[in-house]
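Structure, as structure tokens:
The values are calculated or read from the model by the stated rules, or taken from the named source; none is laboratory data. Computed from a predicted structure; not experimentally measured. Glycine gets a Cβ as well: all are built from the backbone with ideal geometry, and neighbour counts include every protein chain shown.
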Amino acid sequence: MTEPVRLVDALERIESEGLASIEAADSLGVLEELRVRYLGRSGELAGILSGIGQAEPEDRRAIGQAANTAKRRLQEAHTGRQAALESAESAGVSKADLTMPGRRAWEGGVHPVTRVIDEICEIFRELGFSKVRGPEAETEWYNFQALNIPLEHPAADMWDTFYLADGVVLRSHTSPVQARIMETHEPPVRVVVPGLCYRRDPFDPTHAPAFEQIEGLAVDETIDFIEFRSAIQYFVQRFFGLGRRTRFRPSYFPFTEPSAEVDVSCGVCNGFGCPTCKGTGWLEIMGSGMVHPAVFQAVGYDPERYTGYAFGMGSGRIAMVRHGIPDIRLLYEGDTAFLSQFIS
Ligand code: PHE
């Protein structure tokens with residue numbers, strides 16, 4: 001006599017649990033799982049009905065009725081909930097937080113120093129300069145002597161570097177490629193030479209022991225200081241903008257005579273003086289000068305016949321000047337939080 005009571009109790013429990021879960025279903029997927037669980041062919045209701053055969057015959061009617069009621073109510077609840085979820089879905093209302101930022105695809109970009117190198121080479125390409133490269137492991141001859149820097153001369157200290165073997169160094173500038181190109185090519189020569197250089201320098205805000213340089217060299221029969229100045233000025237305005245002024249400051253390099261440091265007017269204060277240019281209104285961008293006759297002699301060019309100009313700039317320094325970057329180390333650390341600012 002206990003059987004019908006237990007079955008009817010079970011039906012009531014299934015009904016109330018099922019109704020509550022169906023009302024709480026927050027997606028059509030969850031709702032479908034609930035339908036299968038309660039109303040499906042091997043669901044909870046079907047389970048009860050399959051046990052009806054064991055009940056006393058006079059109780060079967062009551063159990064059957066209770067089962068039908070439960071089934072009807074669950075079906076109604078399911079239909080109602082399904083309609084509600086479907087209309088919410090089609091109206092675009094969901095539990096998704098629409099204010100949440102989307103997931104962006106990973107975006108790569110060209111490193112600011114690489115971009116500087118590419119742009120400089122492109123500007124000089126338009127002026128007729130080819131892009132060439134030279135070895136980073138260089139002989140003392142090309143790094144020093146061919147450039148009119150005797151090893152025992154104090155000027156050699158300015159290009160002190162790491163020795164790989166006797167007479168073999170990591171080049172401390174791209175200037176040795178000047179000599180290599182002139183040895184293998186007759187004038188006219190117009191080349192730019194990007195590449196890594198090495199120095200016995202600390203890694204501090206303005207120095208890096210390995211850094212990028214771009215060399216330029218033009219040699220021909222009629223090149224004079226005016227052509228040199230015009231080429232540099234043209235480059236500065238193309239690269240930094242028409243409003244920027246160029247200043248040549250007398251300087252010294254063993255492989256150029258006369259020599260000049262080239263400054264560009266500060267883009268932050270337009271030359272009035274500010275913290276970026278340390279109050280001077282100018283930012284230094286390169287060393288340069290007319291090729292020294294001793295260099296022509298070293299490579300077998302006739303110094304009476306040929307003249308030329310050369311320049312060398314630090315591509316990292318140029319990137320710093322361009323973007324107002326205060327510390328050169330930022331350019332060589334590979335920190336994506338910093339670098340992602342330069343994705344254009
Ligand atoms: N090689 C020089 C340096 O590294 C720069 C330079 C290049 C100066 C060409 C004059 C001419 O400092």
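For the range 170-178, the criterion of being more than 13 Å from the ligand (Cβ to nearest atom) and farther than 17 Å from M286 by Cβ is satisfied by at least one residue. Determine whether the range 262-281 contains at least one residue that is within 23 Å of Q178 (Cα to Cα), buried (at least 17 other Cβ atoms within 10 Å of the Cβ), within 16 Å of the ligand (Cβ to nearest atom) and not basic (K, R). Checked against the condition, which is being within 23 Å of Q178 (Cα to Cα), buried (at least 17 other Cβ atoms within 10 Å of the Cβ), within 16 Å of the ligand (Cβ to nearest atom) and not basic (K, R), the range 262-281 yields at least one hit.
Taken together, the criteria exclude M290 from residues that are buried (at least 21 other Cβ atoms within 10 Å of the Cβ), at pLDDT 95 or above and within 14 Å of the ligand (Cβ to nearest atom). Summed over the range 293-307, residues that are in contact with a helix residue (DSSP H, G or I) (Cβ under 8 Å, 6 or more places away or on another chain) and surrounded by 14 or more Cβ atoms within 10 Å (Cβ to Cβ) total 6. Looking only at the range 34-74, which residues are surrounded by fewer than 15 Cβ atoms within 10 Å (Cβ to Cβ) and either within 15 Å of I22 (Cα to Cα) or under 60 Å from the mean Cα position of the chain (by Cα) (or both)? Those that are surrounded by fewer than 15 Cβ atoms within 10 Å (Cβ to Cβ) and either within 15 Å of I22 (Cα to Cα) or under 60 Å from the mean Cα position of the chain (by Cα) (or both): V36, G40, R41, S42, R72.
Given the options E136, E86, E107, name the one that is touching a residue at least 60 places away in the same chain (Cβ under 8 Å), surrounded by 12 or more Cβ atoms within 10 Å (Cβ to Cβ) and among the acidic types (D, E).
Criteria check complete, one pass: E136.
For the condition outside any strand (DSSP E or B) and either touching a residue at least 24 places away in the same chain (Cβ under 8 Å) or over 21 Å from S265 (Cα atoms) (or both), I214 does not qualify.
Restricting attention to the range 318-344, the residues that are in contact (Cβ under 8 Å) with a residue 40 or more places away in the chain and in a helix (DSSP H, G or I) add up to 12.
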